[in-house]
1. Looking only at region 59-72, decide whether some residue is hydroxyl-bearing (Ser, Thr, Tyr) and more than 10 Å from the chain's Cα centre (by Cα).
2. Those residues that are of a type in the set (Val, Ile, Thr) and under 15 Å from Glu33 (Cα atoms), I need them from region 48-97; list them, please.
3. If a residue must be in contact with a strand residue (DSSP E or B) (Cβ under 8 Å, 6 or more places away or on another chain) and either open to solvent by less than 80 Å² (accessible area, probe 1.4 Å) or among the charged types (D, E, K, R) (or both), how many such residues does region 72-92 contain?
4. For the list (1) over 17 Å from Val4 (Cα atoms); (2) touching a residue at least 60 places away in the same chain (Cβ under 8 Å); (3) within 13 Å of the chain's Cα centre (by Cα), I need the number of the one condition that Arg89 fails.
5. Take the residues of region 8-18 that are surrounded by fewer than 16 Cβ atoms within 10 Å (Cβ to Cβ) and touching a residue at least 12 places away in the same chain (Cβ under 8 Å): which is nearest to Arg87 (Cα to Cα)?
6. In region 19-32, is there at least one residue being under 13 Å from Phe3 (Cβ atoms), touching a residue at least 40 places away in the same chain (Cβ under 8 Å) and either out of contact with any strand residue (DSSP E or B) (no Cβ under 9 Å at 6 or more places or on another chain) or open to solvent by less than 70 Å² (accessible area, probe 1.4 Å) (or both)?
7. Testing Cys36 on (1) open to solvent by 50 Å² or more (accessible area, probe 1.4 Å); (2) within 14 Å of the chain's Cα centre (by Cα), one condition comes back false. Which one is that?
8. Suppose the filter is open to solvent by less than 20 Å² (accessible area, probe 1.4 Å) and touching a helix residue (DSSP H, G or I) at 6+ places or on another chain (Cβ under 9 Å); does Tyr69 pass it?
Amino acid sequence: MAFVCSATWKAQPGKEDVVREALTSLAPASRKEPGCQTYIVHQDPDQPSVFKIFEVYDDEDAFKKHGTYPHFEEHALGKAIPVLDKRERAFTTVIDV
């Protein structure tokens with residue numbers, strides 16, 4: 001059963017470009033990970049400090065592995081997350097209907 005992470009990142013004032021640049025590098029690398037089905041990044045046009053990330057993995061293990069890759073450590077942990085005001089994540093599973 002596919003595992004989904006829906007994340008919302010809110011950049012600190014003036015740090016939107018840092019988060020955008022980090023996600024610009026993180027997303028394509030994440031899409032190449034084994035078990036990653038989808039990795040889509042959105043930015044709210046009315047609130048440019050708000051970024052949404054929609055991720056689908058084969059299973060929860062593939063998602064957990066995502067957080068251990070060098071590109072995640074470099075771009076998410078090293079660049080984006082330190083300049084966030086807020087980080088929320090919701091986890092769900094796909095219902096095959």
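1. Taking region 59-72 and keeping what is hydroxyl-bearing (Ser, Thr, Tyr), we get 68-69.
Those left that are additionally more than 10 Å from the chain's Cα centre (by Cα): 68-69.
Yes, region 59-72 has at least one match.
2. Once the filter is applied, which keeps residues that are of a type in the set (Val, Ile, Thr) and under 15 Å from Glu33 (Cα atoms), region 48-97 yields Val56, Thr68.
3. So the answer is 11.
4. Result: Arg89 passes all but (1).
5. Top of the filtered list is Gln12.
6. no
7. Answer for Cys36: the failing condition is (1).
8. On the way: open to solvent by less than 20 Å² (accessible area, probe 1.4 Å): no; touching a helix residue (DSSP H, G or I) at 6+ places or on another chain (Cβ under 9 Å): yes.
Spelling it out, it is not the case that Tyr69 is open to solvent by less than 20 Å² (accessible area, probe 1.4 Å) and touching a helix residue (DSSP H, G or I) at 6+ places or on another chain (Cβ under 9 Å).
The values are calculated or read from the model by the stated rules, or taken from the named source; none is laboratory data. Everything numeric in this text was worked out from a predicted model, so none of it was measured. Here the Cβ is made from the backbone with ideal geometry for all residues, glycine too, and neighbour counts use every protein chain on show. To get the accessible areas, we keep the full protein, side chains included, count just its heavy atoms, and leave off ligands, DNA and RNA. Shrake-Rupley method; radii C 1.70, N 1.55, O 1.52, S 1.80 Å.
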